[in-house]
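Read the structure below first, then the notes.
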Amino acid sequence: MIETPRLLLRPWRATDKLAFAAMNADPEVMEDLGGPISREESDEKLARYAAAFQRDRLSRWVIECREAREFLGYTGLLYRPDHPIGAHFDLAWRLKRSAWGHGYATEAALAALRDGFERVGLFEALAYTSPDNLRSQAVMERLGLRRDPSRDFWVADERLGDWRGLVWVSRPN
């Protein structure tokens, strides 16, 4: 587990399925990923995140409010071996709508980055988003990530269509 002043980052539990599925069913939360996903797709994603932690010692962490012990979303680093820009660790976050605007994404993602660099010894992490996702771009800037246009990419995705990813880079200090 990782603790921050307001948050707890912890591994996934079976009891997280319902809250995770509710977040993944919210059209506003999932707008930048092609819209809501089904309960089955959500459960499969949770299982992938849990398995990745066992395999790679890193994955997406559950973000929980320390005080209320409430599920807020997830953040963390996930190994992407077969990606258009090559193998890398991808930093990402997603919060339920009621958790937006409180600085949780920045606080949690910073803790996840530190964990990846200090505990695991990563030398680099990438984060990417679409050109119109200004909220995520603002988080990347607050995290101190550096924009690297030379790594931008396009993917053809059945949910997203032709999707352009703008890439930011983080390295240990």
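Read-outs throughout are calculated quantities, based only on the coordinates presented, and are distinct from any laboratory measurement. Note that this is a predicted model, so its numbers are computed, not measured. All Cβ positions, even for glycine, are placed from backbone atoms using ideal geometry, and neighbour counts span all protein chains on display.
With an a/c value of 1.5 or above and a/b not larger than b/c for the gyration tensor axes a ≥ b ≥ c computed over the alpha-carbon atoms, the range 87-129 is described as oblate.
For the chain, what is the calculated [θ] at 222 nm in deg cm²/dmol (nearest 500), taking -39500 (n - 2.57) for each run of four or more DSSP H residues and dividing by its residue count?
Working: 4 runs with 47 residues, N = 173.
When only DSSP H runs of four or more count, the value is -8500 deg cm²/dmol.
Largest GNM mean-square fluctuation across Ser42, Ser59, Ser150, computed for the chain with C-alpha springs under 10 Å, falls on Ser150. Annotation: extensible slack from Asn173 through Arg39 equals 44.3 nm (criterion: 0.36 nm per residue apart, minus Cα-Cα distance).
For the range 1-75, trypsin sites (Lys or Arg not before Pro) are listed when DSSP marks them as loop and at most 12 other Cβ atoms sit within 10 Å of their Cβ; the list is Arg13, Arg66, Arg69. When the GluC sites (Glu not before Pro) in the range 96-173 are filtered for DSSP coil states and for at most 15 other beta-carbon atoms within 10 Å of their beta-carbon, the remaining sites are Glu124, Glu158. Of the residues Leu18, Leu110, Leu95, the one that moves most in a GNM of the chain with alpha-carbon contacts below 10 Å is Leu18.
Computed on the range 1-113, the Cα convex hull volume stands at 109 Å³ per residue. What is the local net charge at Ala50, summed over the other residues whose Cβ is closer than 14 Å to its Cβ (Lys, Arg +1; Asp, Glu -1)? Value of the local net charge: +4. Under the simplified labelling scheme, the Glu158-Phe123 pair shows an inter-label distance of 3.8 nm, with each label point 7 Å from Cα along Cα→Cβ. This ranking places Val155, Val139 by how few other beta-carbon atoms lie within 10 Å of each, fewest first, which gives Val155, Val139.
Stretch Ala87-Thr4 to full length: gain in nm at 0.36 nm per residue minus the Cα-Cα span? Before the final figure, lay out the partial values.
Values: separation 83, 0.36 × 83 = 29.88 nm, distance 2.92 nm.
Separation in residues times 0.36 nm, less the Cα-Cα distance, equals 27.0 nm.
Which one, Leu72, Leu122, Leu91, has the greatest fluctuation when you compute a Gaussian network model over the chain with C-alpha springs under 10 angstrom? Most flexible of the set in this elastic network: Leu122.
Just in the range 79-167: which chymotrypsin sites (Phe, Trp or Tyr not before Pro) are loop by DSSP and have at most 10 other Cβ atoms within 10 Å?
On the way: sites: Tyr79, Phe89, Trp93, Trp100, Tyr104, Phe117, Phe123, Tyr128, Phe153, Trp154, Trp163; in loops: Trp100, Phe123.
Counting only loop positions with at most 10 other Cβ atoms within 10 Å, the chymotrypsin sites (Phe, Trp or Tyr not before Pro) in the range 79-167 are Phe123.
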